[in-house]
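Taking it in order: structure first as structure tokens, then the write-up.
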Amino acid sequence: MKTRKIVTGLLASMLGTLTACGQLAKMPEGKLLNVEYTESGTMAGFQFEGRVNTGKNGVVRMEVSSESYGPVVKKKVNANVLDDLRKIIEEEKMYAYKENYQPSFEVLDGESWYFNATFENDKYISSGGSNAWPAGNGLKRIKGYLQSLIGDSKPAEASSADETDENKE
């Protein structure tokens, strides 16, 4: 009887550890509302910064900067962009990412990253790291997809009309 309790306790402990590491995580249900991904260097600031946000009025906007201190492209995008991003998150199992990735050895310089996706019903995925990344191509695919949406777009110059639209969201 005592052995059974010990084995049950060990199994429960292992299951808890696997769940904590995200191995048994599930894709959040509901509509994807916002995605943010950034990469930055220790001394150089943001190397890439990309966001897709659903405004209060349902309009989906994107902001992407592909270089340190570079110009930001801002534009309205089709709501299907969020469906495409959700598909990447699901295919790459990004919902199973750990909360934080750190290297085995201390690194005083290098790169860090942050990923966040919010869904309906207050569900979210949030992960980041410093000189360590999760397995797979999820982050690269998100970055590549956002960069592909820029196309030949020119950086946004705030006009009074744009500011008025953004204040309504």
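The values are calculated or read from the model by the stated rules, or taken from the named source; none is laboratory data. Because the structure is a prediction, the values reported are computed rather than measured. Every residue, glycine among them, receives a Cβ derived from its backbone with ideal geometry; neighbour counts consider all protein chains shown. For the accessible areas, the whole protein counts, side chains as well, though only heavy atoms, and no ligand, DNA or RNA atoms are used. Shrake-Rupley method; radii C 1.70, N 1.55, O 1.52, S 1.80 Å.
Has the range 86-95 got at least one residue that is among the hydrophobic types (A, V, I, L, M, F, W, C), assigned to a strand (DSSP E or B), in contact with a strand residue (DSSP E or B) (Cβ under 8 Å, 6 or more places away or on another chain) and at pLDDT 95 or above? Scanning the range 86-95 turns up no residue that is among the hydrophobic types (A, V, I, L, M, F, W, C), assigned to a strand (DSSP E or B), in contact with a strand residue (DSSP E or B) (Cβ under 8 Å, 6 or more places away or on another chain) and at pLDDT 95 or above. Residue under question is Q147, and the condition is that it be over 19 Å from V60 (Cβ atoms), modelled with pLDDT of 90 or more and of a type in the set (S, T, N, Q); does it hold? Answer is no for this residue. Can you say whether S112 is in contact (Cβ under 8 Å) with a residue 24 or more places away in the chain, assigned to a loop (DSSP other than H, G, I, E, B) and open to solvent by less than 60 Å² (accessible area, probe 1.4 Å), as far as the supplied structure shows? Considered against the rule, which asks whether it is in contact (Cβ under 8 Å) with a residue 24 or more places away in the chain, assigned to a loop (DSSP other than H, G, I, E, B) and open to solvent by less than 60 Å² (accessible area, probe 1.4 Å), S112 comes out as no. Select from the range 116-142 the residues that are at pLDDT 95 or above, part of a helix (DSSP H, G or I) and not small (G, A, S) and list them in ascending order. Passing the criteria: L139, K140, R141, I142.
For the residues E169, E99, E106, the requirement of being of a type in the set (D, E), modelled with pLDDT under 95 and open to solvent by 50 Å² or more (accessible area, probe 1.4 Å) singles out E106. Scanning the range 27-74 for residues that are under 23 Å from V107 (Cβ atoms), of a type in the set (S, T, Y) and part of a strand (DSSP E or B) gives Y37, T38, S40.
Among the conditions (1) of a type outside the set (S, T, Y); (2) assigned to a loop (DSSP other than H, G, I, E, B); (3) modelled with pLDDT of 95 or more, the only one that A156 does not satisfy is (3).
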